[in-house]
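Below: the structure, in structure tokens.
The values are calculated or read from the model by the stated rules, or taken from the named source; none is laboratory data. Quick caveat, the model's predicted, so the values are computed rather than measured. Positions of Cβ are backbone-derived with ideal geometry, glycine not excepted, and every protein chain shown enters the neighbour counts. Please note that ligands, DNA and RNA were not included when accessible areas were found on the heavy atoms of the full protein model with its side chains. Shrake-Rupley method; radii C 1.70, N 1.55, O 1.52, S 1.80 Å.
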Amino acid sequence: MENTKNLRSWLKAFNLEHPLVIAGPCSAETEEQVLKIAHQLKDSDATAMRAGIWKPRTRPGNFEGVGAIGLKWMQRAKQETGLLLATEVANKNHVDLALEADFDILWIGARSTVSPFIVQEIADALKGTDKIVLVKNPVNPDLSLWLGAVERLQSADIKNLGVIHRGFSTYEKTNFRNNPEWQIAIDLQSRFPDLPLFLDPSHIAGRRDIIFDLCQTALDLNYDGFIIETHNDPDNAWSDAAQQILPKRLKEITEELKIRKEKEESLAFNNKLNTLRTQIDLIDMQLIASMGKRMKIADEIGLLKKENNVAILQAQRWNKILERMNALGKEEHLSEQFIERVFKAIHQESIEHQHNILSKNKH
Ligand code: PEP
Ligand code: MN
């Protein structure tokens, strides 16, 4: 990819000592609400104010945004507070209106990034702009779609680019509204090391209480900034009420976050070490979650065996598992002894679980 050298220069121009913070409501609701939030954000770390003007709702019939009138409320907020303005654009009409209203940051939402047609339409409408354009990850965990959107915008000669990590949809219920899948953002970062990377902890979390932890993880992975939904009356917000925080809380969060500043010469080393360690921690968490899931399935098998009066240990099946894992392990450069030790331990735990199930309520 050409031009990757300059990707970070727009961010550097802000000359901030802390991550770049974009904050504001999920949706602009009334002029009064927009202005109130803007004034409350004025003495926080926020550089820009966000608000959805056109809201992509998963199901029809919900509040779909106030529309173009909201752009005027935002302009007034900028005049009164000096905050930069950010909003989501999802088609050419949105782009034209947001550019006309002189917004500083335009972002492409997760539901748009999945569609190369829409991304191309937006890229064409933005052609050559010097506005900041941020691309959210697609709703599905597909790195190529995310990369593809970045490439389409680069081809449209948009220089002030960045990406926003907002997590990925899963059918299965998890602790998150959108599963972070940090590895996908890390992979994108290694493909475009100079592309500014933002975290949207609000849409990952879907709730308020884990926003701080998500932000700290992101800083440890060298993210450049945040986009955080912030509202003057979060519980009564017209969209995404459960995840919005007060401007006062935003201030506490940005003050408490550890931005690791070390001696100049050790900075690069420490940053790299922190990034790698955080990656290891995230993988360890995934390992535990996967083993937990595996054990739940083993429990179900235990019940099935109990109902059908079948013995726990079935040597043939176990040998097959070991054989398959050894073959896969070889591809990952893992020794046979290691694979055997790990899977014996896992198998042992499964047997113990199943044993407990079979010996429970024996009658
Ligand atoms: C939003 O930022 O309010 C939004 C709709 O986000 P996403 O595109 O990540 O769902
Ligand atoms: Mn939202």
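Want the number for residue 236 to residue 301: 0.36 nm per residue separation, take away the alpha-carbon distance, what's left?
Gain on stretching residue 236 to residue 301: 18.8 nm.
With label points built 7 Å along Cα→Cβ from the Cα atoms of residue 326 and residue 72, find their separation and express it in nm.
7.6 nm
Cross-link list 12/251; 296/320; 293/330; 55/173; 72/136; 55/293: which exceed 30 angstrom alpha carbon to alpha carbon?
Table pairs above 30 Å Cα-Cα are 55/293.
Using only the Cα atoms, what convex hull volume per residue in Å³ does the chain have?
190 Å³
So what's the angle, to the nearest 10 degrees on a 0 to 90 scale, between helix 143-155 and the longest Cα principal axis of the chain?
Its long axis makes an angle of about 20 degrees.
Taking the simple approach of a point 7 Å from Cα along Cα-to-Cβ for both residue 348 and residue 43, what is their distance in nm?
Once both label points are built, they end up 6.0 nm from each other.
Give me a comma-separated list of calculated 3J(HN,Hα) values for the stretch 229-236, in order, Karplus coefficients 6.51, -1.76, 1.60 applied at θ = phi - 60°, integers in Hz, x for any Gly or Pro.
For the stretch 229-236, the Karplus curve yields 6, 9, 9, 6, 9, x, 5, 9 Hz.
Quick one: among 267, 145, 134, which has the greatest mean-square fluctuation in a GNM of the chain with alpha-carbon springs under 10 angstrom?
267
Using Cα atoms only, what is the angle between the long axis of helix 69-81 and the major principal axis of the chain, expressed in degrees (0 to 90) to the nearest 10?
So the helix axis and the longest Cα principal axis differ by about 80 degrees.
When the helix-only estimate is applied to the chain (DSSP H runs of n ≥ 4, each -39,500 (n - 2.57), divided by the residue count), what is the mean residue ellipticity at 222 nm, nearest 500 deg cm²/dmol?
Here the helix-only value at 222 nm equals -16500 deg cm²/dmol.
Efficiency by 1/(1 + (r/R0)^6): what FRET value for residue 271 and residue 308, r their Cβ-Cβ distance, R0 = 45 Å, to the nearest 0.05?
0.20
Could you state the accessible area per residue of the chain in Å², with a 1.4 Å probe and every protein chain left in place?
With all protein chains present, the chain gives 54 Å² per residue.
Can you give the extra length, in nm with one decimal, that the chain gains between residue 59 and residue 287 once fully stretched, where that is 0.36 nm per residue apart less the Cα-Cα distance?
Full extension from residue 59 to residue 287 adds 78.6 nm.
Would you mind telling me the antiparallel percentage of the DSSP bridges in the chain, rounded to 5?
Percent antiparallel among DSSP bridges in the chain is about 5.
I'd like the accessible area for residue 92: 1.4 Å probe, protein heavy atoms, all chains in place, Å² to the nearest 10.
100 Å²
Can you work out ³J(HN,Hα) from phi for every residue in the stretch 281-292, in order, using Karplus 6.51 cos²θ - 1.76 cosθ + 1.60 and θ = phi - 60°, giving whole Hz and x for Gly and Pro?
These are the phi-based 3J(HN,Hα) values: 4, 5, 5, 4, 5, 5, 4, 5, 4, 5, 5, x Hz.
I'd like the carbon and sulfur percentage of the solvent accessible area for the chain, probe radius 1.4 Å, heavy atoms only, ligands and nucleic acids excluded.
That share works out to 51 percent.
Each label point is 7 Å from the Cα along the Cα-to-Cβ direction; what then is the distance between the points at residue 319 and residue 15, in nm?
The answer from the label model is 7.3 nm.
Relative to the longest principal Cα axis of the chain, at what angle does helix 31-41 sit, 0 to 90 degrees, rounded to 10?
Taking Cα atoms only, the helix is inclined about 70 degrees.
Mean-square fluctuation check for the chain, GNM, Cα pairs under 10 Å: which of 296, 272, 330 is largest?
The residue that fluctuates most here is 330.
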